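What follows is a set of notes on a single structure, which appears directly below.
The values are calculated or read from the model by the stated rules, or taken from the named source; none is laboratory data. Note that this is a predicted model, so its numbers are computed, not measured. Neighbour counts are summed over all protein chains in view; Cβ atoms, including those assigned to glycine, are modelled from backbone coordinates with ideal geometry. Surface accessibility is based on the protein's heavy atoms, side chains included, excluding ligands, DNA and RNA. Shrake-Rupley method; radii C 1.70, N 1.55, O 1.52, S 1.80 Å.
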Amino acid sequence: MGDLFLVRHGETEWSLSGQHTSFTDLPLTGHGEAQAKSLAPLLSGRTFARVLTSPLGRAVRTAELAGLAGAVPDPDLREWDYGGYEGVTTR
């Protein structure tokens with residue numbers, strides 16, 4: 001049996017500020033892009049049978065920057081709907 005790798009998307013403005021983010025499709029910050037790029041050396045040289053992402057841009061972009069070419073967006077991996085909590089902090 002092979003290994004399973006799980007990668008969370010890089011930083012967005014809302015993840016930085018602690019705001020709940022689900023369906024709002026925020027782009028990565030500059031730091032988030034650097035986080036994603038930092039994964040490339042760790043993942044290079046590996047063969048992946050399948051790479052899936054959430055269909056949201058932040059996840060797709062993270063996969064691209066991490067060097068995971070050919071990632072397939074899967075709607076079942078979309079973030080949960082936070083409803084009225086979307087965009088607000090826990091506080």
Please determine whether any residue of segment 60-71 is of a type in the set (K, R), in contact with a Ser or Thr (Cβ under 7 Å, 6 or more places away or on another chain) and touching a residue at least 40 places away in the same chain (Cβ under 8 Å). no
Among the residues of segment 57-81, write down those that are loosely packed, with under 12 Cβ neighbours inside 10 Å and either assigned to a helix (DSSP H, G or I) or not hydrophobic (A, V, I, L, M, F, W, C) (or both). G70, P75, D76, D81
For segment 24-56, give me the residue count where each residue is of a type outside the set (S, T, N, Q) and part of a helix (DSSP H, G or I). 12
Quick check on segment 1-43: of everything there that is over 13 Å from L68 (Cβ atoms) and aromatic (F, W, Y), which residue is surrounded by the most Cβ atoms within 10 Å (Cβ to Cβ)? W14
Can you tell me which residues in segment 44-56 are small (G, A, S) and open to solvent by 30 Å² or more (accessible area, probe 1.4 Å)? S44, G45, A49
